[in-house]
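Below is one structure; the comments refer to it alone.
The values are calculated or read from the model by the stated rules, or taken from the named source; none is laboratory data. Being a predicted model, the structure only gives us computed values, none of them experimental. With ideal geometry, Cβ positions are generated from the backbone for all residues, glycine too; neighbour counts draw on all protein chains shown.
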Protein chains: 2
Amino acid sequence: MSYFDAASAVPLHPVARQALQASLDEGWADPARLHREGRRARLLLDAARETAAEAVGCRPDELVFTSSGTRAVHCGIAGALAGRRRVGDHLIVSAVEHSSVLHSADAHEAAGGTVTRVPVGRAGAVATEAFAGALGPGTALACLQSANHEVGTEQPVEEVAAACRAAGVPLLVDAAQSLGWGRVEGDWSLLTASAHKWGGPPGVGLLVVRKGTRFAPQGAVDERESGRAAGFENIPGIVAAAASLRAVRAEAGERAVRLRALTERIRAAVPELVPDVEVVGDPVRRLPGIVTFSCLYVDGETLLHELDRAGFSVSSGSSCTSSTLTPSHVLRAMGVLSEGNVRVSLPSDVRDEDVERFLEILPAAVSAVREKLGAPAPGAAAPATSGGRVVDALGMLCPVPVIELAKVIGDVPVGGLVRVLADDEAARLDIPAWCEMRGQEYVGEEPAARGTAFVVKRLS
Amino acid sequence: MSYFDAASAVPLHPVARQALQASLDEGWADPARLHREGRRARLLLDAARETAAEAVGCRPDELVFTSSGTRAVHCGIAGALAGRRRVGDHLIVSAVEHSSVLHSADAHEAAGGTVTRVPVGRAGAVATEAFAGALGPGTALACLQSANHEVGTEQPVEEVAAACRAAGVPLLVDAAQSLGWGRVEGDWSLLTASAHKWGGPPGVGLLVVRKGTRFAPQGAVDERESGRAAGFENIPGIVAAAASLRAVRAEAGERAVRLRALTERIRAAVPELVPDVEVVGDPVRRLPGIVTFSCLYVDGETLLHELDRAGFSVSSGSSCTSSTLTPSHVLRAMGVLSEGNVRVSLPSDVRDEDVERFLEILPAAVSAVREKLGAPAPGAAAPATSGGRVVDALGMLCPVPVIELAKVIGDVPVGGLVRVLADDEAARLDIPAWCEMRGQEYVGEEPAARGTAFVVKRLS
């Protein structure tokens with residue numbers, strides 16, 4: 001079994017495991033107590049804070065440990081917004097943030113605040129000017145991830161941080177995907193991260209609030225962790241998190257070179273091996289270990305199962321893997337194909353031969369799914385069957401509407417139109433993406449009695 | 001070193017450690033993922049939920065895992081209050097709840113809600129009638145701990161739950177101190193607990209919301225744990241928590257008998273061995289392993305250090321151990337002596353001889369502190385020195401004002417008054433407590449140019 005889903009979670013780093021063991025023995029007591037066991041726990045906690053602060057590049061008293069990266073984000077955003085309530089209630093986020101940031105934005109909106117979601121380009125990055133342009137006199141906080149969790153694209157954090165600083169607006173950087181690789185450069189004000197992403201244990205997050213940043217913790221609080229993370233400290237987890245962060249940082253340079261070469265190999269090979277594939281994400285400004293691609297005429301969940309059967313664990317941002325049946329917000333914001341989406345994120349101990357084997361089995365796995373769904377043969381001219389200019393794909397889930405469109409396009413005279421009636425949310429993304437891949441023109445959408453009519457003009 | 005602070009935290013139970021080890025290997029992946037590793041993590045999480053639900057006595061889908069007991073309380077109270085917003089904004093808590101409950105109540109008040117804090121008797125328990133009397137048409141939620149964390153007194157949860165049910169008001173039971181001993185009986189609606197109190201790892205709490213209880217999670221949420229506990233699940237911790245809960249429950253009966261005998265021994269011996277001591281908490285309806293007493297003319301922090309030096313780790317609810325310089329809210333609510341307060345909470349592996357040794361060294365430790373503070377010799381008649389009817393103890397911290405009072409009482413004619421000027425918060429509690437212990441009359445307090453004058457009448 002090859003585990004290629006490192007961006008979700010990785011097994012505990014050996015250093016983390018060792019630190020966890022030791023601090024289960026030494027760090028189980030309440031660090032607020034005056035007795036020997038309490039003082040010992042306090043020492044461990046203080047040392048872990050210093051280690052983590054050193055890795056982040058901040059003062060120890062600017063960093064608190066939370067119970068998860070999500071919790072760090074929720075607390076950080078709520079506290080920073082409340083701290084600047086007098087300035088205004090405007091929050092800026094990129095459209096491709098992690099769901100924890102977007103959920104915080106939703107909660108802020110539900111409470112009467114205003115939110116700007118800065119769009120991204122086709123590679124998944126915000127434009128600094130667009131982000132800076134959203135800053136206004138009533139902006140209380142801006143949030144930008146250091147790198148995207150689904151496609152690996154790095155964001156222009158340093159430039160955006162400078163623009164925010166110039167406008168006097170604090171920037172919160174969600175560094176969940178990148179902190180194991182290095183410090184986040186730039187003049188940010190708040191930073192969040194999650195230990196289980198870098199090989200630390202689950203149940204530990206980081207929240208950094210730079211001195212001088214207004215911050216008012218929300219909800220019930222207590223005296224622990226500077227009043228920013230209530231509840232008994234998980235010291236064994238915290239110690240393991242800090243120790244493994246230091247360890248992975250020491251290996252980061254070498255590991256990055258190795259993983260970048262392997263993802264480069266996948267980026268280059270997949271479009272050659274599998275027809276009708278779009279590799280997504282920035283080819284250059286990206287995390288070393290993530291590569292994401294989407295396969296036309298494939299549904300993500302079935303492909304995941306095919307790959308799982310072949311011994312590969314990957315994840316997917318395709319609609320079909322989530323219970324909500326909508327494509328991932330990241331792919332949607334990028335405007336790229338969402339069907340048959342696969343994210344490969346390599347763990348640091350990946351073997352070259354596992355990557356080669358993945359490339360070997362991928363074409364057959366994709367073909368198997370396409371066959372099941374009755375997709376048109378790749379490159380084959382669509383058969384000139386009888387049939388109309390309207391494709392009724394109502395009630396059909398992705399990627400079937402696109403498959404149906406591909407089946408009839410050959411019947412349409414060059415310059416003629418075809419309307420695809422569909423009510424699956426993914427069609428809105430995938431039909432334009434198909435047009436781009438196939439060299440056809442996407443005209444737009446029209447309201448229909450049921451669902452929506454997506455209009456396509458045959459160009460060739 | 002003997003660790004007698006089990007009510008704060010205990011070392012990891014061997015079963016918890018074993019379960020943690022195993023699930024670090026098997027349960028590190030994201031349980032929301034479809035691949036093999038994700039499915040394996042999901043199975044572990046589901047099994048842990050069933051085990052914990054069995055121990056609580058609820059349905060698995062009523063129980064979620066949170067990142068701490070504090071978090072369970074904060075979430076549970078906020079969610080239950082919001083779920084019944086239309087009914088009203090009235091919250092009822094006992095005056096001796098854990099700080100996490102009281103902080104939630106403070107936050108509710110700060111947001112415009114109303115709170116009733118039901119007083120307790122001298123033994124630390126609420127009266128069911130008093131609690132029931134606080135229920136009104138606008139009561140959204142009531143909270144009552146199963147047993148008190150500082151003095152061990154059990155609360156009449158079953159009776160209070162029945163009263164709440166009759167009034168249609170949900171009752172939240174903070175079972176942090178008792179869940180390792182057994183289920184909380186009665187018709188409660190919500191329950192919270194903390195794994196590190198029963199020998200589970202830190203970083204895991206439980207929140208149970210019975211079906212039919214209105215509940216609206218507050219703040220940003222995600223799809224994990226039924227939307228009630230956001231963030232990546234700490235599965236190794238959760239598995240260890242559930243396994244150890246089952247294990248300690250299996251041993252609970254035997255352990256309770258043993259610990260109850262030992263705390264009984266301490267309860268009986270301390271007043272015989274140490275003069276001027278008040279043992280606090282209910283002598284019968286109490287947790288097996290906790291015994292708390294207060295020593296006149298002693299400051300808690302110095303006594304803790306004396307005991308620490310003698311090899312015993314205990315905790316204290318005295319003012320002097322906390323940075324805020326106010327006595328514990330529990331002792332204050334009970335109206336008992338707060339100075340020189342010691343909580344002994346025995347771990348399950350305590351040895352009889354350690355308890356005997358504690359009783360051996362305690363008298364000398366208390367005497368040493370009293371000597372340092374120049375306290376009057378126990379039982380000695382106060383010397384008939386010259387001196388006035390006003391004791392100026394302004395600027396002096398507990399227990400000095402009481403010591404000064406004891407020094408002059410002999411100068412006051414029987415039936416005469418003495419005024420103690422003091423500005424330490426603890427004096428308000430400790431001077432009346434001293435009067436009761438010494439058979440003198442506490443008349444009341446009067447405003448003074450600085451601080452407060454506490455008026456005492458000499459009776460004998």
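Name every residue in the range B:418-438 that is modelled with pLDDT of 90 or more and either exposed (fewer than 15 other Cβ atoms within 10 Å of the Cβ) or in contact with a Pro (Cβ under 8 Å, 6 or more places away or on another chain) (or both), in order of residue number.
Matches in the range B:418-438: B:Val420, B:Ala422, B:Ile431.
B:Cys58 passes all but one of (1) facing chain A (nearest Cβ under 8 Å); (2) touching a Leu at 6+ places or on another chain (Cβ under 8 Å); which number fails?
Of (1) facing chain A (nearest Cβ under 8 Å); (2) touching a Leu at 6+ places or on another chain (Cβ under 8 Å), only one is false for B:Cys58: (1).
Taking the range A:278-304 only, how many residues are under 30 Å from A:Ala393 (Cβ atoms) and either in contact (Cβ under 8 Å) with a residue 40 or more places away in the chain or more than 21 Å from the chain's Cα centre (by Cα) (or both)? Steps first, please.
Residues of the range A:278-304 under 30 Å from A:Ala393 (Cβ atoms): A:278-281, A:292-304.
Restricting the remaining residues to those that are either in contact (Cβ under 8 Å) with a residue 40 or more places away in the chain or more than 21 Å from the chain's Cα centre (by Cα) (or both) gives A:278, A:280-281, A:292-300, A:302-303.
Residues flagged as under 30 Å from A:Ala393 (Cβ atoms) and either in contact (Cβ under 8 Å) with a residue 40 or more places away in the chain or more than 21 Å from the chain's Cα centre (by Cα) (or both) within the range A:278-304 amount to 14.
With A:Ala125, A:Ala147 as the choices, which residue is small (Gly, Ala, Ser), touching a residue at least 60 places away in the same chain (Cβ under 8 Å), within 28 Å of B:Ile235 (Cβ to Cβ) and surrounded by 18 or more Cβ atoms within 10 Å (Cβ to Cβ)?
Working: A:Ala125 fails: within 28 Å of B:Ile235 (Cβ to Cβ).
Criteria check complete, one pass: A:Ala147.
Suppose the filter is charged (D, E, K, R), under 30 Å from A:Ser23 (Cα atoms) and away from chain B (no Cβ under 14 Å); does A:Glu254 pass it? Explain how you work it out, then say what you get.
Values: charged (D, E, K, R): yes; under 30 Å from A:Ser23 (Cα atoms): yes; away from chain B (no Cβ under 14 Å): yes.
Considered against the rule, which asks whether it is charged (D, E, K, R), under 30 Å from A:Ser23 (Cα atoms) and away from chain B (no Cβ under 14 Å), A:Glu254 comes out as yes.
Provide a single number: the residues in the range B:402-417 that are aliphatic (A, V, I, L, M) and either within 16 Å of B:Cys295 (Cα to Cα) or crowded, with 24+ Cβ neighbours inside 10 Å (or both). Quick ask: steps written out before the conclusion?
Filtering the range B:402-417 down to residues aliphatic (A, V, I, L, M) leaves B:402-403, B:405-406, B:408-409, B:412, B:414, B:417.
Keeping just the survivors that are either within 16 Å of B:Cys295 (Cα to Cα) or crowded, with 24+ Cβ neighbours inside 10 Å (or both) gives B:402-403, B:405-406.
The total comes to 4.
Is at least one residue of the range A:6-21 surrounded by 18 or more Cβ atoms within 10 Å (Cβ to Cβ), of a type in the set (Ser, Thr, Tyr), in a helix (DSSP H, G or I) and facing another protein chain (nearest Cβ under 7 Å)?
Looking only at the range A:6-21, we keep the residues that are surrounded by 18 or more Cβ atoms within 10 Å (Cβ to Cβ), and these are A:6-13, A:15-17, A:19-20.
Applying the additional criterion that residues be of a type in the set (Ser, Thr, Tyr) yields A:8.
Those left that are additionally in a helix (DSSP H, G or I): none.
Checked against the condition, which is being surrounded by 18 or more Cβ atoms within 10 Å (Cβ to Cβ), of a type in the set (Ser, Thr, Tyr), in a helix (DSSP H, G or I) and facing another protein chain (nearest Cβ under 7 Å), the range A:6-21 yields no hits at all.
Test B:Gln177 against the stated conditions and say whether it is within 14 Å of chain A (Cβ to nearest Cβ) and of a type in the set (S, T, N, Q). So that I can check it myself, show each step before the final result.
On the way: within 14 Å of chain A (Cβ to nearest Cβ): yes; of a type in the set (S, T, N, Q): yes.
Considered against the rule, which asks whether it is within 14 Å of chain A (Cβ to nearest Cβ) and of a type in the set (S, T, N, Q), B:Gln177 comes out as yes.
Conditions tested, residue by residue: (1) among the basic types (Lys, Arg); (2) under 30 Å from B:Gly311 (Cα atoms).
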{"residue": "B:Phe4", "(1), (2)": "no, yes"}
{"residue": "B:Leu12", "(1), (2)": "no, yes"}
{"residue": "B:Arg17", "(1), (2)": "yes, yes"}
{"residue": "B:Leu81", "(1), (2)": "no, no"}
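Can you tell me which residue is surrounded by the most Cβ atoms within 10 Å (Cβ to Cβ) among those in the range A:98-109 that are within 19 Å of A:Ala175 (Cβ to Cβ) and not small (Gly, Ala, Ser)? Walk me through how you get there before you give the answer.
Going through the range A:98-109, the residues within 19 Å of A:Ala175 (Cβ to Cβ) turn out to be A:98-105.
Of the ones still in play, those that are also not small (Gly, Ala, Ser) are A:98, A:101-103.
Numbers: A:His98: 24, A:Val101: 26, A:Leu102: 21, A:His103: 21.
It comes out as A:Val101.
Would a scan of the range B:157-170 turn up a residue that is within 13 Å of chain A (Cβ to nearest Cβ), farther than 25 Å from B:Gln18 by Cβ and touching a strand residue (DSSP E or B) at 6+ places or on another chain (Cβ under 9 Å)? It would help to see each step written out before you state the result.
Of the range B:157-170, the ones within 13 Å of chain A (Cβ to nearest Cβ) are none.
No - not one qualifying residue is present in the range B:157-170.
Is there a residue being at negative phi, modelled with pLDDT of 95 or more and either charged (D, E, K, R) or not assigned by TED's automatic domain parsing to the domain that holds A:Lys197 (or both) anywhere in the range A:13-29?
yes
From the list A:Ser328, A:Ser315, A:Ser244, exactly one residue is buried (at least 22 other Cβ atoms within 10 Å of the Cβ) and out of contact with any Asp or Glu (no Cβ under 8 Å at 6 or more places or on another chain). Which is it?
Details: A:Ser328 fails: out of contact with any Asp or Glu (no Cβ under 8 Å at 6 or more places or on another chain); A:Ser315 fails: out of contact with any Asp or Glu (no Cβ under 8 Å at 6 or more places or on another chain).
Every option except A:Ser244 fails the conditions.
So B:Ser68 passes all but one of these: (1) at the interface with chain A (Cβ under 9 Å from one of its Cβ atoms); (2) surrounded by fewer than 22 Cβ atoms within 10 Å (Cβ to Cβ). Which condition number does it fail?
(2)
Do you know which residues across the range A:163-183 are in contact with a Ser or Thr (Cβ under 8 Å, 6 or more places away or on another chain) and farther than 26 Å from A:Asp89 by Cβ?
A:Gln177, A:Ser178, A:Leu179
Could you identify the single residue in B:Gly219, B:Gly168, B:Gly212 that is under 21 Å from B:His103 (Cβ atoms), more than 19 Å from the chain's Cα centre (by Cα) and of a type outside the set (Ser, Thr, Tyr)? Give the steps one after another, and end with the answer.
Working: B:Gly168 fails: under 21 Å from B:His103 (Cβ atoms); B:Gly212 fails: under 21 Å from B:His103 (Cβ atoms).
Criteria check complete, one pass: B:Gly219.
Tell me which residues, restricted to the range B:189-199, are assigned to a loop (DSSP other than H, G, I, E, B) and within 19 Å of the chain's Cα centre (by Cα).
Of the residues in the range B:189-199, the ones assigned to a loop (DSSP other than H, G, I, E, B) are B:189, B:198-199.
Selection gives B:Trp198, B:Gly199.
Going by the structure shown, is B:Gly152 within 21 Å of B:Pro11 (Cβ to Cβ), in contact with a strand residue (DSSP E or B) (Cβ under 9 Å, 6 or more places away or on another chain) and either touching a residue at least 40 places away in the same chain (Cβ under 8 Å) or not aliphatic (A, V, I, L, M) (or both)? Even if it seems obvious, please write down each step before you answer.
Working: within 21 Å of B:Pro11 (Cβ to Cβ): yes; in contact with a strand residue (DSSP E or B) (Cβ under 9 Å, 6 or more places away or on another chain): yes; either touching a residue at least 40 places away in the same chain (Cβ under 8 Å) or not aliphatic (A, V, I, L, M) (or both): yes.
Spelling it out, B:Gly152 is indeed within 21 Å of B:Pro11 (Cβ to Cβ), in contact with a strand residue (DSSP E or B) (Cβ under 9 Å, 6 or more places away or on another chain) and either touching a residue at least 40 places away in the same chain (Cβ under 8 Å) or not aliphatic (A, V, I, L, M) (or both).
A:Leu207 - would you say it is in contact with a helix residue (DSSP H, G or I) (Cβ under 8 Å, 6 or more places away or on another chain), in the same structural domain as A:Ser99 (by TED's automatic domain parsing) and within 28 Å of B:Ala193 (Cβ to Cβ)?
Numbers: in contact with a helix residue (DSSP H, G or I) (Cβ under 8 Å, 6 or more places away or on another chain): yes; in the same structural domain as A:Ser99 (by TED's automatic domain parsing): yes; within 28 Å of B:Ala193 (Cβ to Cβ): yes.
Spelling it out, A:Leu207 is indeed in contact with a helix residue (DSSP H, G or I) (Cβ under 8 Å, 6 or more places away or on another chain), in the same structural domain as A:Ser99 (by TED's automatic domain parsing) and within 28 Å of B:Ala193 (Cβ to Cβ).
What helices (runs of 4 or more DSSP H) completely inside the range B:74-187 contain at least 1 residues that are at pLDDT 95 or above and under 21 Å from B:Ala216 (Cβ atoms)? Working first, answer last.
Details: elements: B:99-110, B:128-134, B:157-167.
Output list reads B:99-110, B:157-167.
Look at the range B:22-35 and say how many of its residues are out of contact with any Leu (no Cβ under 8 Å at 6 or more places or on another chain), assigned to a loop (DSSP other than H, G, I, E, B) and in contact (Cβ under 8 Å) with a residue 40 or more places away in the chain. Even if it seems obvious, please write down each step before you answer.
Quick first cut of the range B:22-35, residues out of contact with any Leu (no Cβ under 8 Å at 6 or more places or on another chain) only: B:22, B:25, B:29-30, B:32-33.
Next cut, assigned to a loop (DSSP other than H, G, I, E, B) only: B:29-30, B:32-33.
Okay, now just the ones that are also in contact (Cβ under 8 Å) with a residue 40 or more places away in the chain, so B:30, B:32.
So the count comes out to 2.
Which condition number in (1) part of a loop (DSSP other than H, G, I, E, B); (2) closer than 22 Å to B:Ala252 by Cα; (3) not basic (Lys, Arg) is the one that B:Ala52 fails?
Status for B:Ala52: all satisfied but (1).
Determine which single condition B:Asp25 fails, assuming it passes every other condition in (1) crowded, with 23+ Cβ neighbours inside 10 Å; (2) within 22 Å of B:His196 (Cα to Cα); (3) facing chain A (nearest Cβ under 10 Å).
(1)
Can you give me the number of residues within the range B:185-215 that are in contact with a Ser or Thr (Cβ under 6 Å, 6 or more places away or on another chain) and either surrounded by fewer than 24 Cβ atoms within 10 Å (Cβ to Cβ) or among the charged types (D, E, K, R) (or both)?
Result for the range B:185-215: 2.
Answer yes or no: is there a residue in the range A:224-242 that is part of a loop (DSSP other than H, G, I, E, B), farther than 13 Å from A:Ala52 by Cβ and away from chain B (no Cβ under 14 Å).
Checked against the condition, which is being part of a loop (DSSP other than H, G, I, E, B), farther than 13 Å from A:Ala52 by Cβ and away from chain B (no Cβ under 14 Å), the range A:224-242 yields no hits at all.
Could you list, in sequence order, all residues of the range B:86-97 that are farther than 12 Å from B:Thr114 by Cα, touching a residue at least 24 places away in the same chain (Cβ under 8 Å) and surrounded by fewer than 24 Cβ atoms within 10 Å (Cβ to Cβ)?
The initial filter retains those residues of the range B:86-97 that are farther than 12 Å from B:Thr114 by Cα, namely B:86-87, B:94-97.
With touching a residue at least 24 places away in the same chain (Cβ under 8 Å) added as a condition, the list becomes B:87, B:94-97.
Across the range B:86-97, the qualifying residues are B:Val87, B:Ala95.
Determine, yes or no, whether B:Arg33 is crowded, with 20+ Cβ neighbours inside 10 Å, more than 22 Å from B:Leu179 (Cβ to Cβ) and either over 26 Å from the mean Cα position of the chain (by Cα) or within 14 Å of chain A (Cβ to nearest Cβ) (or both). Working first, answer last.
Numbers: crowded, with 20+ Cβ neighbours inside 10 Å: yes; more than 22 Å from B:Leu179 (Cβ to Cβ): yes; either over 26 Å from the mean Cα position of the chain (by Cα) or within 14 Å of chain A (Cβ to nearest Cβ) (or both): yes.
When the stated conditions are applied, B:Arg33 passes them.
Given the residues B:Gly410, B:Gly415, B:Gly444, which is the only one that is part of a strand (DSSP E or B) and farther than 18 Å from B:Glu339 by Cα?
Values: B:Gly410 fails: part of a strand (DSSP E or B); B:Gly415 fails: part of a strand (DSSP E or B).
When all the criteria are applied, what remains is B:Gly444.
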